[in-house]
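Accompanying notes for the structure given below.
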Amino acid sequence: MTSVSLRNKNVLITAGPTREYWDPVRYLTNGSTGRMGAALAAEAVRLGARVTLVLGPVGHPPAGSSRLRVIPVVSAWDMYEAVKKNVRKADFFVGTAAVADYRPAIPLKRKIKRHQPSVTLKLYGNPDIIAMAGHLGKNRPRCVIGFALETDRVLENAREKLLRKRLDWIVANRESNLGRSEASGTLLSRWGHQVPLAKMPKEKLAKTIWRTILN
Ligand code: C5P
């Protein structure tokens, strides 16, 4: 991509974990804090974009502003619906959310009692939100950016996701970055870029990621 500006562009970002309830009080989730997505949103605002942040349940959600709309969601389905509603007008879509891959097939209506000796949960797969955005055809955002959190074969797995989900860029990083204030990784593109990202606070990483992608 040649050099582009974010000025007055629409940027849609998913961030944080999702929560998949299996009874009214218990749920499956992960340790994502939403900090990477919030940092990318803040930097996009600074660069002149209008940002919509679809945010799973986190402890410290960023405050909205005239340039930052925060849509709080709970489950992967909620996130999927919110993205579907907003993705067609997005110029950039960034998927930083740690979306739960599975949801309980039939969430229980009542809180399960402790004296029940064991519980079997059947899980259904959740929709892949970023892959949906990547495959939108003529309504696809001009740039779709994903994150790949890997425990092994980090670059190979990330490259495979870049192609399968039809992304333009992907940030490959290790699962040890989840829930931390700092992160490192490698930025890969479908045109063959491979840019190492040294360990730095996620706010600084957000600047580096936008700078690389927009240049
Ligand atoms: O397949 P994996 O979860 O490792 O892919 C990571 C990328 O895909 C991230 O950008 C994440 O936000 C996105 N994703 C998604 N919907 C899912 C699972 C992952 O948008 N159900």
field: Residue order, fewest to most surrounding Cβ atoms within 10 angstrom, among TRP77, TRP169
entry: TRP77, TRP169
- prompt: Mind checking which of VAL144, VAL195, VAL87 has the largest fluctuation in a GNM of the chain, springs on alpha carbons under 10 Å?
  reply: VAL195
message: Please enumerate, by chain and number, the lysines with C-alpha under 16 Å from the C-alpha of LYS9, excluding those fewer than 8 residues away in the same chain.
response: LYS89
field: Calculated from backbone phi, Karplus (6.51, -1.76, 1.60) coupling profile of the stretch 144-160 in Hz, x at Gly/Pro
entry: 10, 10, x, 10, 10, 9, 10, 9, 8, 6, 4, 6, 4, 5, 5, 5, 5
- prompt: So how do 42-48, 92-98 stack up, highest first, on mean other-Cβ count within 10 Å?
  reply: 92-98, 42-48
- request: Among SER184, SER118, rank each residue by its count of other Cβ atoms within 10 Å, from fewest to most, as a rough exposure measure.
  value: SER118, SER184
query: Using modelled amide H (1.01 Å from N, peptide plane; none on Pro or chain starts), what sits under 5 Å from the amide H of ASN30, excluding residues fewer than 5 places away?
result: THR18
query: By counting other Cβ atoms within 10 Å of each Cβ, how are THR14, THR52, THR151, THR29 ranked from fewest to most?
result: THR151, THR29, THR52, THR14
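Read-outs throughout are calculated quantities, based only on the coordinates presented, and are distinct from any laboratory measurement. As the structure is a computational prediction, the values presented were derived from the model and not from experiment. Because the Cβ atoms are built from the backbone with ideal geometry, glycine has one as well, and the counts that use them run over all protein chains shown.
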